[in-house]
1. Assess whether B:Thr658 counts as being in contact (Cβ under 8 Å) with a residue 12 or more places away in the chain and within 14 Å of chain A (Cβ to nearest Cβ).
2. Does the stretch B:421-453 hold any residues that are touching a Phe, Trp or Tyr at 6+ places or on another chain (Cβ under 7 Å) and open to solvent by less than 20 Å² (accessible area, probe 1.4 Å), and which are they?
3. Looking only at residues that are outside any loop (DSSP other than H, G, I, E, B) and within 12 Å of the ligand (Cβ to nearest atom) in the stretch A:183-198, which one is farthest from the other protein chains (Cβ to nearest Cβ)?
4. Take the stretch B:703-717 and flag every residue that is more than 10 Å from chain A (Cβ to nearest Cβ) and either of a type in the set (Gly, Ala, Ser) or in contact with a His (Cβ under 8 Å, 6 or more places away or on another chain) (or both).
5. Among the residues of the stretch B:632-682 satisfying the criterion of being assigned to a strand (DSSP E or B), among the charged types (D, E, K, R) and over 18 Å from B:Gly553 (Cα atoms), which is least open to solvent (accessible area, probe 1.4 Å)?
6. Within the group B:Gly29, B:Gly39, B:Gly82, B:Gly94, which residue is surrounded by fewer than 16 Cβ atoms within 10 Å (Cβ to Cβ), touching a residue at least 40 places away in the same chain (Cβ under 8 Å) and more than 26 Å from B:Thr330 (Cα to Cα)?
7. Of all residues being more than 18 Å from B:Arg231 (Cβ to Cβ), in contact with a Leu (Cβ under 8 Å, 6 or more places away or on another chain) and surrounded by fewer than 21 Cβ atoms within 10 Å (Cβ to Cβ) in the stretch B:462-494, which is modelled with the highest pLDDT? Just the residue, please.
8. Of the residues A:Ala95, A:Ala117, A:Ala74, which single one is closer than 21 Å to A:Ala19 by Cβ, modelled with pLDDT of 95 or more and open to solvent by less than 30 Å² (accessible area, probe 1.4 Å)?
Amino acid sequence: MYPASFEYHPAASVQDALALLAKYGDEPKLLAGGHSLIPVMKLRFASPAHLIDIGRIPALSAITDGGSAVHIGATARHASVVSSPVVRQKVPLLAEVASHIGDPLIRNMGTIGGSLAHADPAADLPAAMLALGATLVATGPAGTRTIAADDFFTDVFTTALHPGEMLTEIRVPARGAGSGGAYEKNPDPASGYAIVGIAAQVQVSGGTITAARVGMTGLGPKAMRLAAVEGALTGKPATAATVAAAAAHAADGLVFVDDARGSAAYKGNLARVHTRRALARALAAATA
Amino acid sequence: MATTAQPGASLMGASVRRKEDPRFITGTGRYTDDLKLAGQTYAAFVRSPHANATINAIDASAALAIPGVHAVLTGEDMKKAGVNPIPPGWLHPGIKIAEYRALAVGRVAHVGNAVAVVIADSPTIARDAADAVVVDYTDHPAVADAVSALKPGAPLVHADAPGNVVFTWQLGDAAATDAAIAGAKTVVKQHLVNQRLIANAMEPRASLASYDPAADELTLYVTSQNPHVHRLIMGAFVLGIPEHKFRVIAPDVGGGFGSKIFIYPEECVVAWASKVVGRPVKWTATRSEAYLTDAHGRDHDTDVEMAFDANGKIVALRVKTVANLGAYLTLFAPAVPTYLYGTLLSGQYNIPAIHVDVTAAYTHTTPVDAYRGAGRPEATYVLERTLDVAARQLGIDPAELRRRNLIAPDAFPFQTAVALQYDSGNYEPALDKALAMVDYKGFRAQQAAARAKGKLLGIGLSSYIEACGLAPSHIVGSLGAQAGLYESGVVRIHPTGKVTVLTGSHSHGQGHETTFAQIVASELGCTIDDVEIVHGDTGRVPFGMGTYGSRSGAVGGAAIFNSLQKVKEKGRKIAAHLLEAAPEDVDFAGGNYFVKGSPSRAKGFGEVALAAYLAHNIPADMEPGLEATTFFNPGNFVFPFGTHIAAVEVDSETGQVTVQRYVAVDDFGNVINPMIVDGQLHGGIAQGTAQALWEGAQYDSNGQLLTGSLMNYAIPKAEFLPNFETDRTVTPSPVNPLGVKGAGEAGTIASTAAVANAVIDALSPFGITHLDMPLTPAKIWSAIQGAKGGN
Ligand SMILES: Cc1cc2nc3c(=O)[nH]c(=O)nc-3n(C[C@H](O)[C@H](O)[C@H](O)COP(=O)(O)OP(=O)(O)OC[C@H]3O[C@@H](n4cnc5c(N)ncnc54)[C@H](O)[C@@H]3O)c2cc1C
């Protein structure tokens, strides 16, 4: 379908984009890869009068090694994240998660910042951000601030970004020795989005799980950490029995409804099964 | 592997690379939406958001005020102008035909029913203006599923179709069937839902109409599988335009699967509107519109009783089906759940008594019509799924149960209990070959070992027959078809010996430009590059019936073949004249006419062609020129058959199904191009597997389509499927000179039951005997929990 008409503004720099955002008040939308925004506009669910294209800002897509963290520019494409040597070496979980997004066409266009800012409750990257304890950098009229991934996703398609702000960078802590991650995705056969996706990153030291972060996407209004699972892992021996016991808590506190994707019971089961599978692989990676 | 053409060599049976593909894969195909005519305008439709509503008023004032809008037209405007409703092309006694207007008048009967059209300078303006048209509706309760629609008190779809019954239809001997069932050792009963599907051709429907007032001639470019049928019905019945003033062109068409056979409201509106506004008008469907308005497929609710004697022989089959035809009757709709379904219910089996009883219902949903296989997949599913249920109940291996009931090879021609006479067939070799390919015994052992470890493996067979090559005109005429189903083929030899073929068949993915050229090249000894295949234009091609029902090779190809014989025969007379020999002493081979026994006394085909056109030196009583026309009317259907086997693994924790192997052994008679046939088969298997596992249109109780996009209607993706392992047996069809049968639909016909059977087989340790499709992970998991006594 054809979107309603709009004005297109290519931004030359972050400052330029922010100025345009300020200028057009409530009306504008940032355009990055366009792979969430344009479909919504074509269906006329959204009809922004102004589009500010940040996809052409040269430095905004860089992926750099920041030592203890990998710094990823907001407009880095999913495909760049997947193939980046720094990402693969220092935060392999992120590369794995990004490789599950859509298909090659989508990954060649969609951006990390766009996906996170869009905050689709079934998107893959938010789970990775939570599991990896990433920090999101937002820039606005008042300057730059950082937001912990834990605080970033607030509701369905809603984030902690203020109006007039944009995401400029994502900082992902590099994994240390004894740390391993894995992503288990159960994709919807139609859309390819996650019915459930579990991203797990665990730290093992001397046969004991010393830290664990588990991010879940798909089954809730937003991506969320599975605190009960994490709690059941930390301090326990790095064994299959620990994993099984912890995974049993994957649906704790979550409320599911019966819908076209399955019964509430089925969804709780999926959360547990995929959590167990993700944790088993994460442990294997941590102890490899 | 693909080969390239060698001049002179027979190309029949060669996997020649498709001639048409370079233009498709380099973006130089010409689809309807690619065409731009001077002064072209664009149509956008105002569609009903309600499934059942009265139209109180239409206010177009805001739309008309938008700059660039030429017109806003309504159903009342069309009716006043004398445009008629769109008729179905197949009738039954007592059928209730609801008025199907291109733009609704007074009321709407499904979501997406077109109410008005905006004609504007650009697609965007047209869309904006369509959104600005205000329609005042009174919304009424709706009914979306056919079983509910037939219940007393259900919302009525059309006042003149009481009880929402379109027609009832029966075939077979009811009394004999009742008696056989009453006396049977075992009667297997099963309720089966064959869910509604949406075709999803890659190219959405489109049309572009242009009216030339000077010649009083209308040209319509349209995504059609059968442009002459479009011209006939739109011209003669809907718009009232004489055929010699109406040209329909179906240029490159990107897939149809049946959905582009029918005469749709949009092309009627566009054709009429181009005359009203005096400018060419174009419309291209969005994917969302395709979901709401392309005719859907399947949608049967069936009760089966299959009765057996003590030896596991089927003694009778009773089938009661409710078919959902949607809100209006489209072209083939009445034939699909009847003649294309009931007649196939004998399958490959010797079933002495069969009775089928069909009730077709109107509902407040998108019309349902032929979708790849059309009736035959539904029949195959009924037989093959029930046979597996029976095998379990009788304690007989499913392959063995099928084998016991096959029609013997010496029983042909075989008269079934449901009207068809199978002319040829030999089913056991295909079954054996498929079982050997999949290593059936080995799989059963592997399955048992896997089960011991809690792994769920399953295997499913589907031994199918189908009747295609539609169709003997006298037979279909006696069954209610409003036209015959022959095909035209013109072979025009140019003075240089190059060849133009005009065919009434229409290629929208099938590769006719290659396979038909192979027939010509093989017969004339030229290369396929010497041959041009012209199709899809009523201005160039003689009247033809188009492509559906796997008929192009068996009917369209046969017409071309027969024209080639006529041309060759005339050429022989000319050659004999030039060689001063008697015609019966002249042979033709490798592109040369020569005197028998002295091959050096020869004339090339090109020389003969030139002589035919120069006409200086041809037999005195002969007309110049070298061209022949054939209208080939087949004597019977053709009957492809085969056995498909799927092997699956079910993840008991998630319900996820993985198709591990897929083996297909088919008998398509002689095969012109094995690569193209495999391609047809592969696509069909993908679609049929998708019905078993993923696809299914869903409506809510208000008649809203819940699966209205690719985001929530799961079409198959390559990564979901294994490599298909195909092989063939060859039993040439006796009804056409090429000995070919149709291969376009077999994949969808066979595969759905094979995959569904495999999944249920995998679940059999839980005592699960049947689940309705699509066999989604959620459904499978819940069934396993239910069987375990959990929730
Ligand atoms: C067919 C298809 C399949 C897909 N499958 C998947 C999948 O399996 N998993 C998955 O996770 N995703 C999937 N996606 C979504 C894809 O990952 C998108 O690319 C992503 O969600 C949005 O990124 P974008 O760069 O395209 O953003 P846009 O579409 O350009 O923007 C999305 C939203 O974010 C805002 N925005 C963009 N950049 C910024 C920024 N820097 N700061 C603040 N706001 C910003 C925009 O204003 C807009 O509101 C799929 C998309 C399609 C079309």
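1. Working: in contact (Cβ under 8 Å) with a residue 12 or more places away in the chain: no; within 14 Å of chain A (Cβ to nearest Cβ): yes.
In short, no.
2. B:Tyr422, B:Ser424, B:Gly425, B:Tyr427, B:Ala430
3. Step one: list which residues in the stretch A:183-198 are outside any loop (DSSP other than H, G, I, E, B), which gives A:183-187, A:194-198.
If we keep only those that are within 12 Å of the ligand (Cβ to nearest atom) too, we end up with A:183, A:185-187, A:194-195, A:197.
On the way: A:Tyr183: 16, A:Lys185: 12, A:Asn186: 7, A:Pro187: 10, A:Ala194: 13, A:Ile195: 9, A:Gly197: 13 Å.
In this case the residue turns out to be A:Tyr183.
4. At the first step, the residues of the stretch B:703-717 found to be more than 10 Å from chain A (Cβ to nearest Cβ) are B:703-705, B:708.
Selection gives B:Gly703, B:Gly708.
5. Going residue by residue through the stretch B:632-682, those that are assigned to a strand (DSSP E or B) are B:632, B:638, B:641-650, B:657-667, B:669.
Checking the rest, the ones that are also among the charged types (D, E, K, R) come to B:649, B:661, B:666-667.
Adding the requirement that they be over 18 Å from B:Gly553 (Cα atoms) leaves B:649, B:661.
Values: B:Glu649: 45, B:Arg661: 77 Å².
Only one residue tops the list, namely B:Glu649.
6. Going through B:Gly29, B:Gly39, B:Gly82, B:Gly94 in turn, the sole match is B:Gly39.
7. The extreme case among them is B:Arg492.
8. Working: A:Ala95 fails: closer than 21 Å to A:Ala19 by Cβ; A:Ala117 fails: open to solvent by less than 30 Å² (accessible area, probe 1.4 Å).
Step by step, each of A:Ala95, A:Ala117, A:Ala74 is checked, and only A:Ala74 is closer than 21 Å to A:Ala19 by Cβ, modelled with pLDDT of 95 or more and open to solvent by less than 30 Å² (accessible area, probe 1.4 Å).
The values are calculated or read from the model by the stated rules, or taken from the named source; none is laboratory data. For clarity, every value in this text was computed on a predicted model and none was experimentally measured. Virtual Cβ from ideal backbone geometry, glycine too; neighbours counted across all protein chains shown. These area figures cover heavy atoms from the full protein model, side chains too; ligands, DNA and RNA do not enter into them. Shrake-Rupley method; radii C 1.70, N 1.55, O 1.52, S 1.80 Å.
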